[in-house]
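The values are calculated or read from the model by the stated rules, or taken from the named source; none is laboratory data. Note that the structure is a prediction, hence the values are computed from the model and not measured. For neighbour counting, all protein chains shown are included, and Cβ atoms are generated from backbone atoms with ideal geometry for every residue, glycine included. These accessible areas exclude ligands, DNA and RNA; they are computed on the full protein's heavy atoms, side chains included. Shrake-Rupley method; radii C 1.70, N 1.55, O 1.52, S 1.80 Å.
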Amino acid sequence: MPGSHCTKDIQKNINCSASAPLPSNSPATTLTELQPLMAHPDLQSENDKPQMDKKDSAQPAGRTNLQKARARFLKGVSYFSGDMEVFGKWMQKQFILLQILDWVLRGAAQVMFVNNPLSGLIIFAGLILQNYWWALNGFVGTLFATISALILQQNRGAIAAGLYGYNGILVGLLMAVFSNAGDWYWWLLLPNIFMSMMCPIVSSALASINSRWDLPVFTLPFNILVCLHMVATGHYNHHFPQVLIQPRSELPNITWAEIDVAKLFMSVPVGIGQVYGCDNPWTGGIFIISLFISSPITCAHAVLGSAVGMVSGLALSAPFGDIYFGLWGYNCVLACIAIGGMFYALTWQVHLLAITCAFFCAYLGSAIANIMSRFGLPACTWPFCLSALTFLLITTETNKIFKLPLAKVTYPEKNLGFFWKLKKQEKMEKAEKEKEEKDEQQRAIEEEVILSEKEQLRLELERMEEGKVTSEASEGKNDETQIKDHVLDMEQQGTEEETRQNNLTEVTVADNV
Amino acid sequence: MPGSHCTKDIQKNINCSASAPLPSNSPATTLTELQPLMAHPDLQSENDKPQMDKKDSAQPAGRTNLQKARARFLKGVSYFSGDMEVFGKWMQKQFILLQILDWVLRGAAQVMFVNNPLSGLIIFAGLILQNYWWALNGFVGTLFATISALILQQNRGAIAAGLYGYNGILVGLLMAVFSNAGDWYWWLLLPNIFMSMMCPIVSSALASINSRWDLPVFTLPFNILVCLHMVATGHYNHHFPQVLIQPRSELPNITWAEIDVAKLFMSVPVGIGQVYGCDNPWTGGIFIISLFISSPITCAHAVLGSAVGMVSGLALSAPFGDIYFGLWGYNCVLACIAIGGMFYALTWQVHLLAITCAFFCAYLGSAIANIMSRFGLPACTWPFCLSALTFLLITTETNKIFKLPLAKVTYPEKNLGFFWKLKKQEKMEKAEKEKEEKDEQQRAIEEEVILSEKEQLRLELERMEEGKVTSEASEGKNDETQIKDHVLDMEQQGTEEETRQNNLTEVTVADNV
Amino acid sequence: MPGSHCTKDIQKNINCSASAPLPSNSPATTLTELQPLMAHPDLQSENDKPQMDKKDSAQPAGRTNLQKARARFLKGVSYFSGDMEVFGKWMQKQFILLQILDWVLRGAAQVMFVNNPLSGLIIFAGLILQNYWWALNGFVGTLFATISALILQQNRGAIAAGLYGYNGILVGLLMAVFSNAGDWYWWLLLPNIFMSMMCPIVSSALASINSRWDLPVFTLPFNILVCLHMVATGHYNHHFPQVLIQPRSELPNITWAEIDVAKLFMSVPVGIGQVYGCDNPWTGGIFIISLFISSPITCAHAVLGSAVGMVSGLALSAPFGDIYFGLWGYNCVLACIAIGGMFYALTWQVHLLAITCAFFCAYLGSAIANIMSRFGLPACTWPFCLSALTFLLITTETNKIFKLPLAKVTYPEKNLGFFWKLKKQEKMEKAEKEKEEKDEQQRAIEEEVILSEKEQLRLELERMEEGKVTSEASEGKNDETQIKDHVLDMEQQGTEEETRQNNLTEVTVADNV
């Protein structure tokens, strides 16, 4: 999902990332470090991830072996976590089809705001686990959305970050999920491709509007296009029938005793899986892993958001089936990720704001689902988009809630680094300003001294002129001329005021001849 | 309702209001003047209100007793009419709980664009007359909306003006009004508090958008949040059931003979009461009084708007029951107040525009009510918001329709004063400009004279030079130098071109010496 | 429809059009040329239209008779094709009622983005052919919308271009079309006039918003106001009943064998007729002619759009009846015209974009029709407005898709001319810049030479000073000093150029001493 639709940053990241990996770290060593990590990423990287941005390489040479190992390990982690800048840079020199594959994988992960091809690969694995046909549709959607963006000559950096693919995967997936024609109905690929190729157009149009408020487009293009397709065809269409969604006119009587606590806990990963329309808890679990690889903060907020959605469902007395099915979770997952560290720099206040946003999103989700069902439509991710946009539009007078400029958004850990750097810079600027003010005073004093010196020279000159006229002593003349030159030199940098005075001096001189 | 979400003005008002009350006017005297007024505000202040903005204090001392009494009376009126700046300023030094009470009362009145705690108090009285439980919910809503704004560190001036409270009171009231769980269902306070606390968030977000067009947010946050709550829960919800609202599929046959004229007239105050969801005509009457205290123009437009709504209902053959119940009035009331003097400076053209807006609002109200009823929702104040925003977005080439900058909006009488001041200033500026142009011409003539003088001097100089060369008479030299000085003086103001030419002249002179 | 809501261009066009017609071309000759053309516009002007913008008058005198005749013919065509600037200019001096008639006719044609009273006249002829009562309502709507714009003191140029009338004609027509009260129900004129007079208000308000993105308002005011009227009254209203529109819950079984190919082809002109709510194919044909007169590009895209809509209907398995009735065509017609040459300069890329937009519009049309039918509403031209706005908001990095500034939009042929001129200008500027850079280098070299010369002179001067000291010639000294001062003075204020010249003079002087 849209880290940003600005890519100045993306390109810069790619460029400046060149300095991070040391040439001495051969790919072989990295690989040996990587392999165990990939096997148990949740065990080893848990504690180290937050520090991975620190530049340990610049430290003095006399370090212990432990420190060295640690540094090497962090460097290894940095190769496949975050947004995988190094890999992205390396990809730039590869064959175009490989590049497109990279973009498609990143696009798949961008639904969760993750710009990471490894996460994308894992997500595709999760989708295949769920349903082959859906996964195929998702892949086709991402591919054609990316191709369409290339044809429309959208920003190459944004395409490379997967920002034109994530709506495509959702369009492809959800059109397959909500199709009533059964799996492997190949004609579905036609509207799938058409709608995927419309994604960059709608994205670009929405970005033109949202950029006025420095807001991302989120999954709005997906919401618009899938709803468009579903309502344009409908349940009774002969070519592209949709599943029947009807408004609920009555709620079943429910009692708290009927709650299945295991299923309730299961609803947390299911809620994360429902972001891609998947109800398999294992798929949801795989998605959690893919999030963790890129950014632990994102992962934590995803789980938190899903839990908040589940609680909200209980509070608003939703049917338990909906809660178990993850329908109360997926919007909250996205909203909680977006607010909690992605577009705001993570502080405690922002963390609370993210939880509030998740609750609001759950409420909104129920409302939108009820309204959309009147038209035979699912809620899609409208609730997430609307609630996150609302919370991103807030203005407050506190500096604890800092909205990152859209062009600087990457992933929560790096955003936090940016925020801290900015804060430090501000502090330094403040200190510098104070110092400058002092210097200014110092300089003013010095200038005064120079001015008075100049004045003395002028007086001297005048005295000499007078002397010259009366005594006609030729020896003094050279000195006098030199002094005069000196004065005039100074005047060249002086103000008009001075020039005028000099003219007068001159005339006086001429007068005295 | 949102006089503005800008508070530069509010703070300025508070600051500059310090000069208005004379220190000689002790609180005691003020009080004695106030008491009779509060008893019969509609009798005494009717004629005097419009003049209350005039600064009588600056008039010459030799006034009759009548004039003095009148001035004192106006000053007395100014203490509790308008936006009660003096009281607001005095409040700033009080205990925070007292301040919050002031803000809550102002918030209650701001629904009608009135920034006046006294009006707010009267409105709460009206609400209590209608229903205790509703009044309590309204109070809780206003209180928590204000507290939430404080937590979110919104602008203190806007909070103090009640601009974060008015959505809260509406949310609280209408959630109680539309709840199907009966009065004193205490659980309702939970969503009430949550939604009230969401008000400042939604307000802030909407203000970010609307401020681009210098528009207020009106009651949009209330509309969004109450609709959200109602559609998220619905009629069949087990925890928070809503009243059942269904679309009308058929209209009863009505004949003009069946009209109850008394009820029709009654519908005017009822329409004003329906702004707060109250159908008691006495409550509506109390609201009219509270409006009159603060601003007679607002009061007049409120009554006018309600009447226009009633007429529109008859024109569109609405069921009489709806008209009697004030459902056709309350949006028109708000729209008519907003356009008629609140956000536009009141002129005859604006007055006509306000009436047009009220008619449009009634039409829109019928349309929106029909659409919303499909979702089981009431029309809330969507019609007012949309019609008023439309009419505030108009641009014309006439200066008779002057939209006040949002930061300058206070109450109709003061807005008018601002408009007149601006017009006078413009006139003065125009006159000054004309004068300046004249001066400019004068100066141009003078400059020409100087230039010709200069030219003469130069010619004289040249002539002298010639004479000097032939006669070698040294007495002329001094004169010559004087002339040269003069020339150089002039050059100081001259262009470079002239300077260069003069320099050349000089050199020639020097050359010839 | 809104060529633009900016009229700087309109007025400029009118002004600069004065030079186009030669005074030698007497109105009489023009008329004789015009008459046959008006009879067979599709035969004669087909090949010549695209070249009509070329300025043949500037060619050398020795042309053959054929060339002369051709030039004269083109001039003749230019009198009534395009936006009829000459006529518009002539109209400005006529009686106000005649002017209003001109504006009303232009307004009628502006629905199709054509600013041409002749087209408007033909369109009214088509409407009369369809239904007298509808034509009358359309005329009343256009008239009152224009009058309302005059009362509201909207921009006179925009009014004269018919930009305030086209929503009026649609409001008037469609209110009559969708009224269930039968023809000649005179009371309908009341809401007709009210809604028509609201058009400029809604137009102005929407323009305030859309102008931020340099977008036109299209037919949004019409959509809003007609939907407003229909949903506010509804099918069961006693005063203004609307036709019953109900959502389709089931689609009839259709087989490809049942297609009536003749009717399918007929649906193309019917689709164009449906822009004005007319289902008569002859009316559609007349509309095609009216488009062709003004702009062949517009005409071609209109036909193309209608065909695309028909194909889309088949692809989405719409009921054949809807397709024959033109309901799939009219939005695509408008969208294809708007994108294909009207708001973008026509290139092959833009042509493809226009076709894509037409397909998207058809899809959207089906979706919106399904949603609106739930509220008893027709789709109006919402699909066109939304799809065209989306496609106008796209930003790409290619210069082949050039969106014209709204103030420069006239008609496709002229837009293309503007685009070519801009491109040529850019090329010339680029060439000039390159030339300038070369010159800059040349000058830098020259300056260096001069500087070194100057340096030499200065050195020479210094040498002279030294000589002076040794010879003790006191008479020359003062002069010399003066000269030196003078030189330095000049340098301070002068440009290098001047300094150079002065130095030369000076030195010569000094040299001669």
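Points worth noting:
- Subset of the range C:332-358 [part of a helix (DSSP H, G or I) and open to solvent by 10 Å² or more (accessible area, probe 1.4 Å)]: C:Trp348, C:Gln349, C:His351, C:Leu352, C:Leu353, C:Ile355, C:Thr356
- Count of the range B:211-222 residues, restricted to those that are closer than 20 Å to A:Pro383 by Cα and within 8 Å of another protein chain (Cβ to nearest Cβ), is 0.
- Of all residues assigned to the range C:223-234, none qualifies as being farther than 21 Å from C:Asn167 by Cβ, out of contact with any helix residue (DSSP H, G or I) (no Cβ under 8 Å at 6 or more places or on another chain) and within 13 Å of chain B (Cβ to nearest Cβ).
- Search result, residues across the range C:144-182 that are crowded, with 24+ Cβ neighbours inside 10 Å and of a type in the set (Val, Ile, Thr): C:Thr146, C:Ile159, C:Ile169, C:Val171
- Within the range A:359-376, the set of residues being part of a helix (DSSP H, G or I), more than 17 Å from A:Ile394 (Cα to Cα) and more than 7 Å from every other protein chain (Cβ to nearest Cβ) comprises A:Ala362, A:Gly365, A:Ile368, A:Ala369, A:Met372, A:Ser373.
- The single condition from (1) under 15 Å from A:Phe384 (Cα atoms); (2) touching a Pro at 6+ places or on another chain (Cβ under 9 Å) that A:Thr298 fails is (1).
- A residue that is assigned to a helix (DSSP H, G or I), surrounded by fewer than 20 Cβ atoms within 10 Å (Cβ to Cβ) and in contact with a Cys (Cβ under 8 Å, 6 or more places away or on another chain) occurs somewhere in the range C:402-409.
- Checklist (1) among the aliphatic types (A, V, I, L, M); (2) in contact (Cβ under 8 Å) with a residue 60 or more places away in the chain; (3) touching a Phe, Trp or Tyr at 6+ places or on another chain (Cβ under 8 Å); (4) open to solvent by 30 Å² or more (accessible area, probe 1.4 Å) applied to C:Ile286, failing item: (3)
- Evaluating A:Tyr79 against the criteria (1) in contact with a Pro (Cβ under 9 Å, 6 or more places away or on another chain); (2) open to solvent by less than 50 Å² (accessible area, probe 1.4 Å); (3) within 30 Å of A:Thr381 (Cα to Cα) leaves one unmet condition, (3).
- In the range C:247-267 there is at least one residue that is within 13 Å of chain B (Cβ to nearest Cβ) and touching a residue at least 12 places away in the same chain (Cβ under 8 Å).
- Qualifying residue in the range C:383-399 (condition: among the hydroxyl-bearing types (Ser, Thr, Tyr) and away from chain A (no Cβ under 14 Å)): no
- Entry remark, the range C:241-264: residues being surrounded by 13 or more Cβ atoms within 10 Å (Cβ to Cβ), in contact with a Ser or Thr (Cβ under 8 Å, 6 or more places away or on another chain) and at pLDDT below 90 number 4 in total.
- Among (1) modelled with pLDDT under 75; (2) assigned to a helix (DSSP H, G or I) - the single one B:Glu447 does not satisfy: (1)
- Given (1) more than 14 Å from chain C (Cβ to nearest Cβ); (2) open to solvent by 30 Å² or more (accessible area, probe 1.4 Å), number of the condition A:Gly271 does not satisfy: (2)
- Filtered residues of the range C:189-210 (kept if surrounded by fewer than 22 Cβ atoms within 10 Å (Cβ to Cβ) and more than 9 Å from chain B (Cβ to nearest Cβ)): C:Leu189, C:Ile193, C:Asn210
- If you go through the range A:229-240 and keep only what is over 17 Å from A:Ser373 (Cβ atoms) and surrounded by fewer than 20 Cβ atoms within 10 Å (Cβ to Cβ), you end up with A:Asn237, A:His238, A:His239.
- Each residue in the range C:98-140 was checked for being of a type in the set (Gly, Ala, Ser) and open to solvent by 30 Å² or more (accessible area, probe 1.4 Å), and 1 pass.
- Of all residue pairs spaced 6 or more apart or on separate chains, those with beta-carbon atoms under 9 Å, a first member in the range B:382-411 that is within 14 Å of B:Leu353 (Cβ to Cβ) and a second member that is open to solvent by 20 Å² or more (accessible area, probe 1.4 Å) and in a strand (DSSP E or B) are B:Leu392/B:Lys403; B:Ile394/B:Lys403; B:Thr395/B:Lys403.
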